1. Which of the residues belonging to region 101-118 are part of a helix (DSSP H, G or I) and surrounded by fewer than 19 Cβ atoms within 10 Å (Cβ to Cβ)?
2. May I ask you to list the residues in region 75-94 that are part of a helix (DSSP H, G or I) and either out of contact with any helix residue (DSSP H, G or I) (no Cβ under 7 Å at 6 or more places or on another chain) or crowded, with 21+ Cβ neighbours inside 10 Å (or both)?
3. For region 124-149, which residues satisfy the criterion of being out of contact with any helix residue (DSSP H, G or I) (no Cβ under 7 Å at 6 or more places or on another chain) and at pLDDT 95 or above?
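The values are calculated or read from the model by the stated rules, or taken from the named source; none is laboratory data. The model shown is predicted, which means the values in this text are computed figures rather than measured ones. All Cβ positions, even for glycine, are placed from backbone atoms using ideal geometry, and neighbour counts span all protein chains on display.
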């Protein structure tokens, strides 16, 4: 039942094996946490694909795997979602991160948006690792992106639940 996501997990761990985040954490930990969030939020036939997307969400950016390899190994649906979630550096530079995220969130497919919200929940859940001023700035940025999303897009129950969790974490940070 979880053949695709097991394969994606292996790609994730292998691709990020020698990578660490600024805080020293192994890079693969984040995709693993995001996959855990997806497991808590989704059941049924789409779960295997959502887990695969979560494991692979940043592999085009930070791994050494091409889009074509993703298509061949995981199918076009997974590869396209991973591509959607791959940050566009030139757009970020042009628009600024907050405006870029506002635009991106409105354009993402349903599955990619669910994973992106899982990524944002992970970001907010781990925001205490940075200094207070940066925490507040990041929390305000995410809050602004979420408000824009709620105001401009129809959302699934899973997406609404993730937004509720994000907002609860932001409230903790801001208090």
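1. Residues satisfying the conditions are 103, 106, 107, 110.
2. Result: 76, 78, 79, 80, 81, 82, 85, 89, 90, 93, 94.
3. The one that is out of contact with any helix residue (DSSP H, G or I) (no Cβ under 7 Å at 6 or more places or on another chain) and at pLDDT 95 or above: 147.
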